[in-house]
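Participant: Provided herewith is a single structure, encoded as structure tokens, for subsequent inquiry.
Derivation of every value follows stated rules applied to the coordinates shown; laboratory data play no part. In this text the structure is predicted, and so the values were computed from the model without any measurement. Every residue, glycine among them, receives a Cβ derived from its backbone with ideal geometry; neighbour counts consider all protein chains shown.
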Amino acid sequence: MKTKELKDRVYKLSGSKAPLSYMLRTRHTQRKPLLYFDGQSNRALRYSSNQLSPFQDEQDDNAILEPVIFEDGMLYVSKTNPVLQEFLSYHPGFNTEFYEVDNEKDASKEVEELDYQIDALIAAKQLDLEMLETIGRIALNLNVDKLSTAELKRDVRLYAKNSPKDFLDTLNDPMLHMQSIASKAISEGFLRLKNKQKDIYFNLPSNKKKLMSIPFGETPIYSLANFFKTDDGLELMKTLEKKLSE
């Protein structure tokens, strides 16, 4: 039996709309199969109020069949009816057609999400201006040069509030700094995109040579950041960092 704990249970139809009355399929037929695979074979299900098992092959010939009806999208099953609870746990519609309402589990999930949000907002509040610009430029694709500090703080904190997990993952991404240097180097004109953004060229007084081609499916910023991981790329990144700080 899947549902071992003896307690009252509440089930709810999936979806936003709930009919006044909905009758669940409760027995297996050739036309409308109702089966559960136990790891070895498919077994026919049948709910009977006077049987000790929801499996038809474990029931006798005196089975009393009763309907299972959701009222206003809800079904209450007392702990005194463990067979129906077991039947519902094996039903192929469980977690698709209907699901069990678990207030404790839902509350735990909400607390976890709130904790993520709090952590993200605290982290966003502590960011310096350079990191705010980095997040805005890389994660939000903002033109940070045209935003005031207040606007940038607002946008980054809204990102942290609305997508806390993504924000924290972005903040901890080692590629973030490299992508920021790549983006700045292009926006400041030290590097230039050509051929419909398929190639990156140097744009220095003494160097106009081609640096690299962008692999298919990648963005220029991501490709350049990946290049910074190589020995040659690391030297270039240090040079660009120095020029950007001047």
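Participant: Once you sort the root eigenvalues of the Cα gyration tensor of the stretch 207-246 as a ≥ b ≥ c, which label holds: rounded (a/c under 1.5), prolate (a/b larger than b/c) or oblate (the other case)?
Facilitator: On the way: a/c = 1.90, a/b = 1.66, b/c = 1.14.
Because a/c hits 1.5 or more and a/b exceeds b/c, the stretch 207-246 counts as prolate.
Participant: Counting other beta carbons within 10 Å of each residue's own, what order do Leu121, Leu45 fall into, fewest first?
Facilitator: Ranking Leu121, Leu45 by Cβ neighbours within 10 Å, fewest first, gives Leu121, Leu45.
Participant: Further question on the same structure: Pop out the Kirkwood hydrodynamic radius of the stretch 9-101 from its pairwise C-alpha distances, inverse of mean 1/r, in Å to one decimal.
Facilitator: Numbers: mean 1/r = 0.0731 Å⁻¹.
Hydrodynamic radius (Kirkwood, Cα pairs) of the stretch 9-101 is 13.7 Å.
Participant: With angles folded into 0 to 90 degrees, how steeply does helix 175-187 sit against the dominant principal axis of the chain? Use alpha carbons for both and round to 10.
Facilitator: Taking the Cα atoms of the chain, the angle to 175-187 is about 50 degrees.
Participant: With the Cα gyration tensor of the stretch 174-246 in hand, give its eigenvalues times 5 under a square root as the equivalent ellipsoid semi-axes, listed largest first in whole angstrom.
Facilitator: Details: eigenvalues 55, 47, 24 Å².
They are 17, 15, 11 Å, listed from largest to smallest.
Participant: Treating only the Cβ of Lys, Arg, Asp and Glu as charged (+1, +1, -1, -1), what charge dipole size does the chain show about its Cα centre? Round to the nearest 20 debye. If you can, show how the numbers build up before the last one.
Facilitator: On the way: 35 positive and 38 negative charges, 249 e Å.
Once rounded to the nearest 20, the dipole reads 1200 debye.
Participant: From the phi angles alone, apply the Karplus equation (6.51, -1.76, 1.60; θ = phi - 60°) to the stretch 96-113 and give each ³J(HN,Hα) in whole Hz, x where the residue is Gly or Pro.
Facilitator: Those phi angles translate into 10, 7, 8, 8, 8, 7, 10, 4, 5, 5, 5, 5, 4, 5, 5, 4, 4, 5 Hz.
Participant: Mind checking the dipole of the stretch 174-246: about its Cα centre, +1 per Lys or Arg Cβ, -1 per Asp or Glu Cβ, Debye to the nearest 20?
Facilitator: Result for the stretch 174-246 is approximately 300 debye, rounded to the nearest 20.
Participant: Tell me which lysines have Cα within less than 22 Å of Lys146's Cα, excluding those fewer than 8 residues away on the same chain?
Facilitator: Candidates past the 8-residue exclusion: Lys125, Lys184, Lys243.
Participant: So which residue, out of Phe216, Phe98, Phe202, gets the largest mean-square fluctuation from a GNM of the chain using Cα contacts under 10 Å as springs?
Facilitator: Among Phe216, Phe98, Phe202, the largest GNM mean-square fluctuation belongs to Phe216.
Participant: Counting DSSP beta bridges in the stretch 9-101, what percent are antiparallel, to the nearest 5?
Facilitator: On the way: 19 of 20 bridges.
Bridges in the stretch 9-101 that DSSP calls antiparallel: roughly 95 percent.
Participant: Quick one: if the Förster radius is 30 Å, what FRET efficiency do Asp72 and Glu110 give, using the C-beta to C-beta distance and rounding to 0.05?
Facilitator: Details: r = 24 Å, r/R0 = 0.80.
Efficiency, from the Cβ-Cβ distance: 0.80.
Participant: Taking the Cα centre of the stretch 9-101 as origin, work out the dipole magnitude from +1 charges on Lys and Arg Cβ and -1 charges on Asp and Glu Cβ, in debye rounded to 20. All intermediate terms of the calculation are to be shown ahead of the outcome.
Facilitator: Values: 10 positive and 11 negative charges, 66 e Å.
For this selection, approximately 320 debye.
Participant: Applying the Karplus parametrisation 6.51 cos²θ - 1.76 cosθ + 1.60 with θ = phi - 60° to the phi angles of the stretch 201-208, what ³J(HN,Hα) value in whole Hz is obtained for each residue in order, glycine and proline being reported as x?
Facilitator: 10, 5, 9, 9, x, 9, 8, 10
Participant: Next up: Starting from the stretch 42-105, pick out the trypsin sites (Lys or Arg not before Pro) whose DSSP state is loop and whose Cβ has at most 15 other Cβ atoms within 10 Å. Display every interim value, and only then the final one.
Facilitator: Numbers: sites: Arg43, Arg46, Lys79, Lys105; in loops: Lys79.
In loop regions of the stretch 42-105 (DSSP not H, G, I, E or B), the sparsely surrounded trypsin sites (Lys or Arg not before Pro) are Lys79.
Participant: Can you figure out the FRET efficiency of Ser16 with Lys229, using R₀ = 51 Å and their beta-carbon distance, to the nearest 0.05? Before the final figure, lay out the partial values.
Facilitator: Numbers: r = 47 Å, r/R0 = 0.92.
Efficiency computed from Cβ-Cβ geometry: 0.60.
Participant: Charges on Cβ only, +1 for Lys and Arg, -1 for Asp and Glu, centred on the Cα centroid of the chain; of Ser108, Met74, Phe167, which one is farthest towards the dipole's positive end?
Facilitator: After comparing all options, I get Phe167.
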